[in-house]
Amino acid sequence: MPAMPMNQERFRRLALELPDAVEGSHHDHADFRVRGRVFASLHPDGVRAMVKVGPAVQQRLCALPGGTFAPANGAWGRAGCTLFVLASTSLDVVRDSLREAWEFAGASAPTRTTKRTTRAAKPARRTPRRS
């Protein structure tokens, strides 16, 4: 039985299977976030999706045969946003790229706790005594 082509619903299900992932919306299209950071999105055209990954992963994805993956234009692409055609991408590649994007967004890092510190008051300025 041939593999079913990737589509928006399969992509959505895979993204939301990742721990703490939530779906939101930004610029009229669905995005997927972890700890408030976008790691993937669905393009409004219904054909493409995006994962935000580190430079090495982006290069690896873009080097895959078939030319399915490509950096987004301009600064978005330089920041790791990588577009791909859903129907031309295998389930395993999509699952792996979503995991990479989820990790790049900091999902697997331990939650940072900020230590509240109070600033020491500046010492009062002394003026020299005149004798």
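Readers should treat all values here as calculations from the given coordinates under stated rules, not as data from a laboratory. All of these numbers come straight from a predicted model, not from anything done at the bench. Cβ atoms come from the backbone with ideal geometry, glycine included; neighbour counts cover every protein chain shown.
Key figures
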| item | result |
| --- | --- |
| Matching option when the condition is out of contact with any Leu (no Cβ under 8 Å at 6 or more places or on another chain), closer than 18 Å to Glu103 by Cβ and free of Cβ contacts under 8 Å to residues at least 24 places away in the same chain, among Gly67, Gly36 | Gly36 |
| Filter pass, Asp92 being more than 15 Å from the chain's Cα centre (by Cα), of a type in the set (Asp, Glu) and surrounded by fewer than 15 Cβ atoms within 10 Å (Cβ to Cβ) | yes |
| Elements of type helices (runs of 4 or more DSSP H) in region 24-114, at least 1 residues being of a type in the set (Ser, Thr, Tyr) | 91-104 |
| Search result, residues across region 8-46 that are farther than 20 Å from Pro71 by Cα, under 12 Å from the mean Cα position of the chain (by Cα) and of a type in the set (D, E, K, R) | Arg35 |
